[in-house]
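Enquirer: Structure below; questions to follow.
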Amino acid sequence: MENIRNFCIIAHIDHGKSTLADRMLEYTKTIKITENQMLDDMDLERERGITIKSHAIQMEYSLDGKKYILNLIDTPGHVDFSYEVSRSIAACEGALLVVDATQGVQAQTISNLYMAIDHDLEIIPVINKIDMPNAMPEEVEDEILDLIGCDPEDIIRASGKTGEGVPDILKAVVERIPAPKGDPEKPLQMLIFDSIFNSFRGIIVLGKVVNGVVRQGDEVKFVQTGMEYTADEVGVLKMDLEPRKTLSTGEVGYIISGIKNATEVKVGDTITHVDQPCDKAIEGFQEVKPMVFAGVYPIDPTEYENLRSSLEKLQLNDASLTFMPESSQALGFGFRCGFLGLLHMEIVQERLDREFNMEVITTVPNVSYLVYTKQGEELEVHNPSGLPDPTEIDHIDEPYIKASIITSADYIGPIIKLCLDKRGELLDQQYISGNRVELHFMLPLGEIVIDFYDKLKSISKGYASFDYHIDSYRPSKLIKLDILLNGEPVDALSTLTHQDNAVTLGRNMCEKLKELIPRQQFDIAIQAAIGAKIVARETVKQVRKDVLAKCYGGDVSRKRKLLEKQKKGKKRMKQIGNVQVPQKAFLAVLKLD
Ligand code: GTP
């Protein structure tokens, strides 16, 4: 046990965690790097260049003639995936805090650092990308010293590109991060921090053995669910799964027990022995509470049950996703899903498509509201169409976040204006170093989920970073805005909005929908309404030309091709009443300028 080191890499998005992790794997000869980014192994991660999932991998490393086992967990940087970070942290004794030498300390650097400090992790600060011509290692060093109050010599300078500093990092991991504690003689306690669905082997559970030892063939059970299984295979995580006879205290590894049903495994649960159980589960991590909700509906209504099982499997690998059945007049049967943010929602939609071949329509996202009725009831509402009758509502509370924005002083003015436009309140501002400022705001979460992040990036030319946590629920003057197509209200397009913005939003949505809904065989009236009052209207004129007219009657194969093409175009279209509505239209409200 004294030769084990469990550590994670935390940083702000794009500061180079995955690249640095790859260099460490290369240096320790764990894998031969053939191309960049071995750890971001999901296609989606490679394409987008972001880490979505945490990845665990084991390395062997020798220092002064002694052999060490290093378990490294690479974590995502985007705020939507910070839950992944918190779970990784729970399995580690130390963390590399990576800061980009050209960008300095950013919003998620700070929030991830606090998370690591809360769990008493030993922090090793690393300034990365020192090879870049615009690197400012001295300034960044000052920022780190201010932030964690360490000695300057504790900070390692490195480059994930050239590999400089990587040997120093590995040495520091062994010398500074404590070995895991725990008692091999005690009953088994293995903390599950992740799980993967594999269609051949069933569910692979990843965890850290906090106390005791687990052997292949042991009878084990999950403390919270009480379900019992045989540990058919146990092992460690190299580039692939590597079976072992045992996993003992302090080790990070996996168990396969042929579990096929996704709902039986809960990330955060503890595994123990059936015949000599531990007396309680390890304090895992807080359950996350999704704050952004949207309807997810199969394009093909007969795929409803498949969508359910796909969501269950996805949930295994993404414990922050929640869902429950709902139905919509416009879209039929589907699920109300809870997400941590918009990027998370996009990623879930893409993973459903790629990993499960499920084509879905997602509706306009909204946050979770607390509705107080005149009878004194308190209801949590995740869907505008689930609101009680307006005459029964006493008031509605909406979630507020406390946001931290770090930016160069040049952009303070436009950023404050943006936040005030979003109904925000400036709490304070302070200089962190030289020209850089940290601003704190209170903002309604509902205003953030729409298009805040893109706007912030564009007004600051990319020089602002943003992090937030939920602060409180506060009363707000919210009203429901409905959209009607040819006179029929489309429940999936309803939104809750602040009353001062409702008419403008209605007008903008009608205009946007007019652009997005293709012309059809008849005129389509698009209207926005508050209660019975129509506040905006647009019309999509009928098509005049018959698409087949240009085929001169006879050419059958050309005609068929054209029809095929049209059919393809109809993918991700949903028939509402007699109107074909494309997926993009359901998200129109997100893209308003
Ligand atoms: P997320 O996990 O998505 O937050 O990103 P990350 O922190 O893992 O960053 P990643 O390793 O994907 O690197 C981000 C970008 O910086 C990539 O384009 C890398 O090629 C580049 N990069 C990373 N490290 C270095 C470095 O030391 N020097 C230079 N010049 N570029 C680097």
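Enquirer: For the chain, what class follows from the C-alpha gyration tensor (a ≥ b ≥ c being the square roots of its eigenvalues): rounded when a/c is under 1.5, otherwise prolate if a/b is larger than b/c, else oblate?
Expert: prolate
Enquirer: Pull out a ≥ b ≥ c, the square roots of the eigenvalues of the alpha-carbon gyration tensor of region 128-169, then state rounded if a/c is under 1.5, prolate if not and a/b is larger than b/c, and oblate in the remaining case.
Expert: It comes out oblate by the Cα gyration axes.
Enquirer: Write out the trypsin sites (Lys or Arg not before Pro) in region 429-460 meeting two conditions: DSSP loop, and at most 15 other Cβ atoms within 10 Å of their Cβ.
Expert: Here no loop site has a sparse enough neighbourhood.
Enquirer: With a cap of 16 neighbouring Cβ atoms within 10 Å, and only residues DSSP puts in a loop, list the GluC sites (Glu not before Pro) found in region 181-250.
Expert: Hits after loop and neighbour filter: GLU185.
Enquirer: Against the longest alpha carbon principal axis of the chain, how many degrees, from 0 to 90 and to the nearest 10, is the axis of helix 304-317 turned?
Expert: 30 degrees
Enquirer: Under the 0.36 nm per residue contour assumption, what length would be gained going from the current alpha-carbon distance of ALA409 and GLU60 to full extension?
Expert: Result for the pair: 121.1 nm of gain on full extension.
Enquirer: Another question about this same structure. Kindly put MET324, MET509, MET132, MET190 in sequence by how many other C-beta atoms sit within 10 Å of each C-beta, fewest to most.
Expert: Ordered from fewest to most neighbouring Cβ atoms within 10 Å, MET324, MET509, MET132, MET190 come out as MET324, MET132, MET509, MET190.
Enquirer: Can you give me the Cα centroid spacing of region 212-264 and region 103-136 in angstrom?
Expert: Each part reduced to its Cα centre gives a spacing of 33 Å.
Enquirer: Ranked by Cβ crowding within 10 angstrom, fewest neighbours first, how are ASP300, ASP482 ordered?
Expert: Fewest to most other Cβ atoms nearby, the residues stand as ASP300, ASP482.
Enquirer: List the residues, sorted by chain then number, that are 5 or more residues from VAL581 or on another chain and whose placed amide H is less than 5 Å from its amide H.
Expert: LYS574, GLN575, ILE576
Enquirer: While we're here: Counting alpha carbon pairs within less than 8 Å and at least 6 residues apart, what relative contact order, in whole percent, applies to the chain?
Expert: 10 percent
Enquirer: Something else: Sort PHE193, PHE466 by Cβ crowding within 10 Å, fewest neighbours at the top.
Expert: Ordered from fewest to most neighbouring Cβ atoms within 10 Å, PHE193, PHE466 come out as PHE466, PHE193.
Enquirer: Further question: Using each residue's phi in region 472-482, evaluate 6.51 cos²θ - 1.76 cosθ + 1.60 at θ = phi - 60° and report the 3J(HN,Hα) Karplus result to the nearest Hz, with x for Gly and Pro.
Expert: Working through the residues one at a time gives 6, 9, 9, x, 8, 8, 9, 9, 8, 10, 9 Hz.
Enquirer: Moving on. Picking from LEU418, VAL581, GLN103, whose Cα lies most toward the positive end of the charge dipole for the chain (charges on Cβ: Lys, Arg +1; Asp, Glu -1)?
Expert: VAL581
Enquirer: A follow-up question, please. Mind running the shape call on region 241-280? Use the C-alpha gyration tensor, a ≥ b ≥ c as the square roots of the eigenvalues: rounded below 1.5 for a/c, prolate if a/b tops b/c, oblate otherwise.
Expert: oblate
Enquirer: A further question on this structure: Can you flag which of LYS245/LYS266; LYS266/LYS461; LYS457/LYS533; LYS289/LYS457; LYS480/LYS574 are past 30 Å Cα-Cα?
Expert: LYS266/LYS461; LYS457/LYS533
Enquirer: Could you compute the net charge surrounding GLU139? Neighbours are other residues with a C-beta less than 15 Å from the C-beta of GLU139; K and R count +1, D and E count -1.
Expert: Summing Lys and Arg as +1 and Asp and Glu as -1 gives -3.
Enquirer: Positive end of the dipole of the chain, charges at C-beta (+1 Lys, Arg; -1 Asp, Glu), about the Cα centre: which of ILE517, GLN349, ILE483 has its Cα farthest in that direction?
Expert: Among ILE517, GLN349, ILE483, the one farthest towards the positive end of the dipole of the chain is ILE517.
Enquirer: Magnitude of the Cβ-charge dipole of region 292-363, K/R +1 and D/E -1, about the Cα centre, nearest 20 debye?
Expert: 180 debye
Enquirer: Give me the number: length gained by fully extending GLU164 to LYS461, i.e. 0.36 nm times residue separation minus the C-alpha to C-alpha distance, one decimal in nm.
Expert: That pair, GLU164 and LYS461, stretches by 103.9 nm at full extension.
Enquirer: Further, regarding this structure: List the GluC sites (Glu not before Pro) within region 263-343 that fall in a DSSP loop (any state other than H, G, I, E or B) and whose Cβ has at most 13 other Cβ atoms within 10 Å.
Expert: The qualifying sites are GLU283, GLU287.
Enquirer: Could I ask something else about it? Working out 0.36 nm times the residue gap between ASP454 and SER433, then minus their Cα-Cα distance, what length gain in nm do you get to one decimal?
Expert: Full extension from ASP454 to SER433 adds 5.0 nm.
Enquirer: Helix-only mean residue ellipticity at 222 nm, the chain, DSSP H runs n ≥ 4 weighted -39,500 (n - 2.57), per residue, nearest 500. What is it?
Expert: -7500 deg cm²/dmol
Enquirer: Can you run phi through the Karplus equation (6.51, -1.76, 1.60; θ = phi - 60°) for region 238-247 and list ³J(HN,Hα) in whole Hz, with x for Gly and Pro?
Expert: 9, 5, 10, 6, 10, x, 9, 6, 9, 10
Each reported figure results from applying straightforward, stated rules to the coordinates on display, with no laboratory input. Note that the structure is a prediction, hence the values are computed from the model and not measured. FYI the Cβ positions are ideal-geometry reconstructions off the backbone, even for glycines, and counts take in every protein chain you see.
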